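Below is one structure, written out as C-alpha coordinates; comments come after it.
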Amino acid sequence: MDSLQLAIGSFVEEYNNKVQVISLDEDSAEFSAKSTFDHPYPTTKIMWIPDAKGVFPDLLATSGDYLRIWKAGEPDTRLECLLNNNKNSDFCAPLTSFDWNEVEPNLIGTSSIDTTCTIWGLETGQVVGRVGGTGNCVSGHVKTQLIAHDKEVYDIAFSRAGGGRDMFASVGADGSVRMFDLRHLEHSTIIYEDPQHRPLLRLAWNRQDPSYLATISMDACEVVILDVRVPCTPVARLSNHRACVNGIAWAPHSSCHICTAGDDHQALIWDIQQMPRAIEDPILAYTAAEGEINQIQWGATQPDWIAICYNRSLEILRV
(Lines give C-alpha, C1' and ligand atoms only; values in the text may rest on other atoms or scores of the structure.)
Protein backbone atom coordinates (compact mmCIF):
# COMPACT_ATOMS: atom_id res chain seq x y z
CA MET A 1 0.00 0.00 0.00
CA ASP A 2 1.40 3.36 -0.95
CA SER A 3 2.16 5.50 2.07
CA LEU A 4 0.28 8.42 0.50
CA GLN A 5 -2.58 6.54 -1.09
CA LEU A 6 -6.11 7.68 -0.38
CA ALA A 7 -9.61 6.57 -1.31
CA ILE A 8 -12.46 9.05 -1.71
CA GLY A 9 -16.14 8.52 -2.45
CA SER A 10 -18.76 10.64 -4.15
CA PHE A 11 -21.99 11.75 -2.52
CA VAL A 12 -24.76 11.76 -5.10
CA GLU A 13 -28.28 11.14 -3.83
CA GLU A 14 -28.97 8.42 -6.34
CA TYR A 15 -27.68 4.99 -7.29
CA ASN A 16 -24.66 6.00 -9.39
CA ASN A 17 -21.74 6.85 -7.12
CA LYS A 18 -18.03 6.22 -7.50
CA VAL A 19 -14.95 5.59 -5.37
CA GLN A 20 -11.54 6.74 -6.53
CA VAL A 21 -8.13 5.58 -5.32
CA ILE A 22 -5.61 8.40 -5.64
CA SER A 23 -1.98 8.89 -4.73
CA LEU A 24 0.08 11.96 -3.98
CA ASP A 25 3.38 12.73 -5.62
CA GLU A 26 5.21 14.61 -2.88
CA ASP A 27 7.72 16.16 -5.29
CA SER A 28 5.11 17.77 -7.53
CA ALA A 29 2.42 18.03 -4.80
CA GLU A 30 -0.05 16.68 -7.36
CA PHE A 31 -2.69 13.97 -6.98
CA SER A 32 -3.10 11.27 -9.61
CA ALA A 33 -5.96 8.81 -9.96
CA LYS A 34 -4.89 5.18 -9.82
CA SER A 35 -8.31 3.58 -10.25
CA THR A 36 -12.00 4.47 -10.19
CA PHE A 37 -14.87 2.08 -9.58
CA ASP A 38 -18.66 2.27 -9.34
CA HIS A 39 -20.38 2.20 -5.96
CA PRO A 40 -24.19 1.90 -5.96
CA TYR A 41 -25.05 4.31 -3.14
CA PRO A 42 -22.86 6.92 -1.46
CA THR A 43 -20.26 5.36 0.81
CA THR A 44 -20.94 6.03 4.48
CA LYS A 45 -17.30 5.13 5.22
CA ILE A 46 -14.18 4.01 3.35
CA MET A 47 -11.24 2.39 5.12
CA TRP A 48 -8.01 0.64 4.15
CA ILE A 49 -7.11 -2.57 5.91
CA PRO A 50 -4.97 -1.65 8.94
CA ASP A 51 -1.72 -3.24 7.90
CA ALA A 52 1.33 -1.38 9.18
CA LYS A 53 3.60 -4.36 8.44
CA GLY A 54 2.42 -4.79 4.86
CA VAL A 55 1.56 -8.48 5.14
CA PHE A 56 -2.00 -8.35 3.78
CA PRO A 57 -3.29 -7.69 0.26
CA ASP A 58 -4.15 -4.08 -0.62
CA LEU A 59 -7.75 -4.30 0.63
CA LEU A 60 -10.30 -1.54 0.90
CA ALA A 61 -13.70 -1.71 2.63
CA THR A 62 -16.76 0.44 1.96
CA SER A 63 -20.13 0.63 3.66
CA GLY A 64 -23.45 1.79 2.29
CA ASP A 65 -26.25 -0.61 1.46
CA TYR A 66 -23.84 -3.48 2.20
CA LEU A 67 -20.30 -3.99 3.45
CA ARG A 68 -18.02 -4.51 0.47
CA ILE A 69 -14.38 -5.57 0.40
CA TRP A 70 -12.29 -4.51 -2.61
CA LYS A 71 -8.81 -5.38 -3.78
CA ALA A 72 -7.09 -2.24 -4.96
CA GLY A 73 -5.15 -2.46 -8.19
CA GLU A 74 -4.03 -0.31 -11.09
CA PRO A 75 -5.93 0.47 -13.26
CA ASP A 76 -8.74 -1.72 -11.87
CA THR A 77 -9.98 -2.27 -8.34
CA ARG A 78 -11.86 -5.55 -7.99
CA LEU A 79 -14.78 -6.43 -5.71
CA GLU A 80 -13.70 -9.34 -3.50
CA CYS A 81 -16.90 -9.90 -1.54
CA LEU A 82 -20.24 -8.36 -0.64
CA LEU A 83 -21.46 -9.02 2.91
CA ASN A 84 -25.19 -8.95 3.73
CA ASN A 85 -26.05 -9.34 7.40
CA ASN A 86 -29.68 -10.26 6.69
CA LYS A 87 -29.75 -13.95 5.80
CA ASN A 88 -33.50 -13.91 5.22
CA SER A 89 -33.50 -11.32 2.47
CA ASP A 90 -31.49 -9.92 -0.41
CA PHE A 91 -31.88 -6.54 1.26
CA CYS A 92 -30.44 -5.21 4.47
CA ALA A 93 -30.85 -2.01 6.44
CA PRO A 94 -28.35 0.67 5.39
CA LEU A 95 -24.99 0.61 7.14
CA THR A 96 -24.06 3.90 8.76
CA SER A 97 -20.40 3.12 9.46
CA PHE A 98 -17.86 0.41 10.25
CA ASP A 99 -14.47 -0.13 11.83
CA TRP A 100 -11.63 -2.47 10.92
CA ASN A 101 -9.95 -4.09 13.91
CA GLU A 102 -6.26 -3.11 14.01
CA VAL A 103 -5.14 -6.09 16.09
CA GLU A 104 -7.24 -8.69 14.22
CA PRO A 105 -7.63 -7.44 10.64
CA ASN A 106 -9.97 -10.35 9.91
CA LEU A 107 -12.59 -8.61 12.08
CA ILE A 108 -14.79 -5.79 10.88
CA GLY A 109 -17.66 -4.29 12.85
CA THR A 110 -20.57 -2.54 11.13
CA SER A 111 -23.32 -0.30 12.51
CA SER A 112 -26.79 -0.03 11.03
CA ILE A 113 -30.00 1.97 11.22
CA ASP A 114 -31.81 -1.24 12.29
CA THR A 115 -30.33 -0.79 15.84
CA THR A 116 -27.72 -3.52 15.32
CA CYS A 117 -23.99 -3.88 15.21
CA THR A 118 -22.49 -6.83 13.36
CA ILE A 119 -18.98 -8.23 13.72
CA TRP A 120 -17.68 -9.95 10.59
CA GLY A 121 -14.91 -12.49 10.22
CA LEU A 122 -13.33 -11.81 6.86
CA GLU A 123 -11.93 -15.18 5.85
CA THR A 124 -15.36 -16.54 5.10
CA GLY A 125 -17.64 -13.53 5.39
CA GLN A 126 -19.14 -15.31 8.41
CA VAL A 127 -20.92 -13.34 11.11
CA VAL A 128 -18.82 -13.78 14.26
CA GLY A 129 -21.04 -11.83 16.60
CA ARG A 130 -24.05 -9.60 16.35
CA VAL A 131 -25.74 -7.34 18.84
CA GLY A 132 -29.09 -5.80 18.26
CA GLY A 133 -32.72 -6.24 17.30
CA THR A 134 -34.94 -9.23 17.87
CA GLY A 135 -34.80 -12.59 16.20
CA ASN A 136 -31.04 -12.92 16.16
CA CYS A 137 -29.51 -16.36 16.41
CA VAL A 138 -26.37 -17.35 18.30
CA SER A 139 -23.47 -17.60 15.85
CA GLY A 140 -20.43 -19.63 16.72
CA HIS A 141 -19.28 -19.18 20.31
CA VAL A 142 -20.65 -15.66 20.71
CA LYS A 143 -23.93 -15.00 22.49
CA THR A 144 -25.60 -12.41 20.30
CA GLN A 145 -29.07 -11.61 21.61
CA LEU A 146 -28.38 -8.10 22.82
CA ILE A 147 -29.76 -4.77 21.72
CA ALA A 148 -26.97 -2.41 20.69
CA HIS A 149 -29.11 0.73 20.97
CA ASP A 150 -32.75 1.66 21.33
CA LYS A 151 -32.64 3.49 17.99
CA GLU A 152 -30.41 3.70 14.92
CA VAL A 153 -26.68 3.06 15.44
CA TYR A 154 -24.57 5.70 13.70
CA ASP A 155 -20.97 4.69 14.41
CA ILE A 156 -18.86 1.86 15.79
CA ALA A 157 -15.18 1.73 16.79
CA PHE A 158 -12.90 -0.91 18.27
CA SER A 159 -10.90 0.01 21.35
CA ARG A 160 -7.25 -0.86 21.91
CA ALA A 161 -8.04 -1.72 25.52
CA GLY A 162 -7.46 -5.27 26.74
CA GLY A 163 -5.34 -6.28 23.77
CA GLY A 164 -7.38 -4.45 21.17
CA ARG A 165 -9.44 -7.33 19.85
CA ASP A 166 -12.65 -7.65 21.83
CA MET A 167 -13.75 -4.23 23.06
CA PHE A 168 -15.80 -1.89 20.91
CA ALA A 169 -18.15 1.03 21.41
CA SER A 170 -21.04 2.45 19.46
CA VAL A 171 -23.12 5.63 19.33
CA GLY A 172 -26.59 6.23 18.01
CA ALA A 173 -29.84 8.13 17.77
CA ASP A 174 -30.70 7.40 21.41
CA GLY A 175 -27.88 9.76 22.43
CA SER A 176 -25.74 7.19 24.22
CA VAL A 177 -22.21 5.82 23.97
CA ARG A 178 -22.24 2.10 24.74
CA MET A 179 -19.28 -0.24 25.21
CA PHE A 180 -19.28 -3.95 24.45
CA ASP A 181 -16.95 -6.92 24.93
CA LEU A 182 -17.14 -9.70 22.34
CA ARG A 183 -16.39 -12.21 25.11
CA HIS A 184 -19.36 -11.07 27.21
CA LEU A 185 -22.05 -9.75 24.91
CA GLU A 186 -24.74 -10.30 27.52
CA HIS A 187 -23.57 -7.05 29.15
CA SER A 188 -22.92 -3.56 27.85
CA THR A 189 -21.83 -0.39 29.59
CA ILE A 190 -23.35 3.02 28.95
CA ILE A 191 -20.34 5.37 29.06
CA TYR A 192 -22.21 8.59 28.32
CA GLU A 193 -25.66 9.92 27.51
CA ASP A 194 -26.25 13.28 25.89
CA PRO A 195 -28.10 15.48 28.41
CA GLN A 196 -30.55 16.67 25.74
CA HIS A 197 -30.86 13.14 24.27
CA ARG A 198 -29.56 14.41 20.94
CA PRO A 199 -28.35 11.72 18.55
CA LEU A 200 -24.61 11.03 18.70
CA LEU A 201 -23.17 10.80 15.20
CA ARG A 202 -19.47 9.97 15.49
CA LEU A 203 -17.14 8.13 17.82
CA ALA A 204 -13.33 8.02 17.85
CA TRP A 205 -10.97 6.29 20.28
CA ASN A 206 -7.67 7.88 21.28
CA ARG A 207 -5.17 5.86 19.27
CA GLN A 208 -2.51 5.88 21.99
CA ASP A 209 -4.54 5.84 25.21
CA PRO A 210 -7.68 3.64 25.16
CA SER A 211 -9.07 5.38 28.24
CA TYR A 212 -10.20 8.34 26.12
CA LEU A 213 -12.70 8.69 23.32
CA ALA A 214 -14.39 11.58 21.56
CA THR A 215 -17.93 11.94 20.29
CA ILE A 216 -20.12 14.57 18.63
CA SER A 217 -23.87 15.07 18.74
CA MET A 218 -26.11 16.14 15.91
CA ASP A 219 -25.87 19.86 15.02
CA ALA A 220 -23.46 20.49 17.90
CA CYS A 221 -20.57 22.96 17.73
CA GLU A 222 -18.51 21.10 20.32
CA VAL A 223 -16.67 17.81 20.72
CA VAL A 224 -17.08 15.85 23.95
CA ILE A 225 -14.03 14.02 25.35
CA LEU A 226 -14.83 11.07 27.63
CA ASP A 227 -12.74 8.99 30.03
CA VAL A 228 -14.12 5.43 30.27
CA ARG A 229 -12.77 5.23 33.82
CA VAL A 230 -15.15 8.05 34.80
CA PRO A 231 -18.38 7.23 32.94
CA CYS A 232 -21.11 9.74 32.19
CA THR A 233 -19.09 12.89 32.90
CA PRO A 234 -17.10 14.50 30.04
CA VAL A 235 -13.50 15.33 30.96
CA ALA A 236 -13.35 18.05 28.31
CA ARG A 237 -15.46 19.94 25.81
CA LEU A 238 -13.82 21.43 22.74
CA SER A 239 -16.08 24.27 21.74
CA ASN A 240 -14.37 26.80 19.46
CA HIS A 241 -16.21 25.79 16.30
CA ARG A 242 -18.77 28.31 15.09
CA ALA A 243 -20.92 25.75 13.28
CA CYS A 244 -21.65 22.06 13.68
CA VAL A 245 -18.74 19.63 13.88
CA ASN A 246 -18.65 16.83 11.28
CA GLY A 247 -15.36 15.04 11.85
CA ILE A 248 -12.96 14.02 14.61
CA ALA A 249 -9.56 12.37 14.26
CA TRP A 250 -7.03 11.57 16.97
CA ALA A 251 -3.34 11.84 16.20
CA PRO A 252 -1.86 8.42 15.41
CA HIS A 253 1.40 9.18 17.22
CA SER A 254 0.30 11.25 20.24
CA SER A 255 -2.18 10.63 23.03
CA CYS A 256 -2.93 14.31 23.60
CA HIS A 257 -3.70 15.71 20.14
CA ILE A 258 -6.99 15.60 18.28
CA CYS A 259 -8.22 17.33 15.12
CA THR A 260 -11.82 18.47 14.63
CA ALA A 261 -13.52 19.89 11.54
CA GLY A 262 -16.91 21.31 10.72
CA ASP A 263 -19.33 23.45 8.81
CA ASP A 264 -17.44 26.62 9.78
CA HIS A 265 -14.77 25.73 7.17
CA GLN A 266 -12.24 25.10 9.96
CA ALA A 267 -9.97 22.22 10.94
CA LEU A 268 -8.67 22.70 14.49
CA ILE A 269 -5.95 20.78 16.32
CA TRP A 270 -6.19 20.62 20.11
CA ASP A 271 -3.78 19.67 22.87
CA ILE A 272 -5.71 17.98 25.69
CA GLN A 273 -2.75 17.44 28.04
CA GLN A 274 -4.14 19.77 30.68
CA MET A 275 -7.37 17.82 31.22
CA PRO A 276 -9.37 17.97 33.40
CA ARG A 277 -8.65 21.69 33.34
CA ALA A 278 -10.69 23.46 30.67
CA ILE A 279 -9.19 23.56 27.18
CA GLU A 280 -9.94 27.02 25.89
CA ASP A 281 -8.34 27.20 22.45
CA PRO A 282 -6.86 24.96 19.76
CA ILE A 283 -3.11 25.05 19.17
CA LEU A 284 -3.44 25.10 15.38
CA ALA A 285 -6.22 26.25 13.08
CA TYR A 286 -6.74 25.80 9.34
CA THR A 287 -9.32 28.30 8.12
CA ALA A 288 -8.77 28.35 4.35
CA ALA A 289 -11.20 25.61 3.35
CA GLU A 290 -13.62 26.93 0.74
CA GLY A 291 -16.59 25.02 2.06
CA GLU A 292 -18.06 23.04 4.91
CA ILE A 293 -15.57 20.31 5.88
CA ASN A 294 -17.52 17.06 6.02
CA GLN A 295 -14.74 14.50 6.42
CA ILE A 296 -11.31 14.33 8.04
CA GLN A 297 -8.61 11.66 8.32
CA TRP A 298 -5.26 11.75 10.12
CA GLY A 299 -2.87 9.40 8.32
CA ALA A 300 -2.02 6.36 10.43
CA THR A 301 1.27 5.72 8.65
CA GLN A 302 1.91 9.37 7.78
CA PRO A 303 1.29 11.38 10.97
CA ASP A 304 2.43 14.61 9.27
CA TRP A 305 -0.62 14.60 7.00
CA ILE A 306 -4.29 15.33 7.62
CA ALA A 307 -6.79 14.94 4.79
CA ILE A 308 -9.99 17.01 4.65
CA CYS A 309 -12.90 16.99 2.21
CA TYR A 310 -15.28 19.81 1.36
CA ASN A 311 -17.55 20.53 -1.62
CA ARG A 312 -15.85 18.68 -4.49
CA SER A 313 -12.37 19.09 -3.08
CA LEU A 314 -9.84 17.01 -1.17
CA GLU A 315 -6.92 18.73 0.53
CA ILE A 316 -3.96 17.32 2.44
CA LEU A 317 -2.65 19.49 5.23
CA ARG A 318 0.88 19.11 6.55
CA VAL A 319 0.92 19.39 10.33
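Show the residue pairs that are 6+ apart or on different chains and have beta-carbon atoms under 6 Å apart, the first residue being within the range 143-170 and in a strand (DSSP E or B) and β-branched (Val, Ile, Thr), the second being modelled with pLDDT of 90 or more and open to solvent by 10 Å² or more (accessible area, probe 1.4 Å).
Ile156/Asp99
Residue by residue through the range 231-256, note down the ones that are closer than 15 Å to Thr215 by Cα and over 17 Å from the mean Cα position of the chain (by Cα).
Pro231, Cys232, Thr233, Pro234, Val235, Ala236, Arg237, Leu238, Ser239, His241, Cys244, listed by residue number.
Taking only pairs six or more apart or across chains, which ones have beta-carbon atoms under 8 Å, a first residue in the range 216-235 that is part of a strand (DSSP E or B), and a second residue that is among the acidic types (Asp, Glu)?
Matching pairs, first to second residue: Ile216/Glu222; Ser217/Asp194.
List the number of the failed condition for Ser188; all other conditions in (1) open to solvent by less than 20 Å² (accessible area, probe 1.4 Å); (2) farther than 21 Å from Ser63 by Cβ hold.
Going through (1) open to solvent by less than 20 Å² (accessible area, probe 1.4 Å); (2) farther than 21 Å from Ser63 by Cβ one by one, Ser188 breaks only (1).
Looking only at the range 159-185, which residues are within 18 Å of Trp250 (Cα to Cα) and open to solvent by 80 Å² or more (accessible area, probe 1.4 Å)?
Listed by number, the list holds a single entry, Arg160.
For Lys34, are the conditions met, namely being open to solvent by 30 Å² or more (accessible area, probe 1.4 Å), closer than 26 Å to Pro210 by Cβ and not polar (S, T, N, Q)?
no
Which count do you get for residues in the range 291-317 that are over 29 Å from Glu102 (Cα atoms) and modelled with pLDDT under 95?
2
Among the residues of the range 285-301, count how many are open to solvent by less than 70 Å² (accessible area, probe 1.4 Å) and over 18 Å from the mean Cα position of the chain (by Cα).
Number of matching residues: 5.
Does Val235 satisfy the criteria of being open to solvent by 70 Å² or more (accessible area, probe 1.4 Å) and either at pLDDT 95 or above or under 21 Å from Glu26 (Cα atoms) (or both)?
Here the answer is no, as Val235 does not meet what is asked.
Take the range 302-319 and flag every residue that is open to solvent by 90 Å² or more (accessible area, probe 1.4 Å) and either of a type in the set (Asp, Glu) or assigned to a strand (DSSP E or B) (or both).
Hit for the range 302-319 is Arg318, nothing else.
Go through Ile279, Ile269 for me and flag whichever is outside any loop (DSSP other than H, G, I, E, B), touching a residue at least 24 places away in the same chain (Cβ under 8 Å) and more than 28 Å from Val12 (Cα to Cα).
After applying the criteria, what remains is Ile269.
The values are calculated or read from the model by the stated rules, or taken from the named source; none is laboratory data. The structure presented is a predicted model; accordingly, all values stated were derived computationally and were not measured. Positions of Cβ are backbone-derived with ideal geometry, glycine not excepted, and every protein chain shown enters the neighbour counts. The protein model used for the area step is the full one, side chains on, heavy atoms only, and it has no ligands, DNA or RNA in it. Shrake-Rupley method; radii C 1.70, N 1.55, O 1.52, S 1.80 Å.
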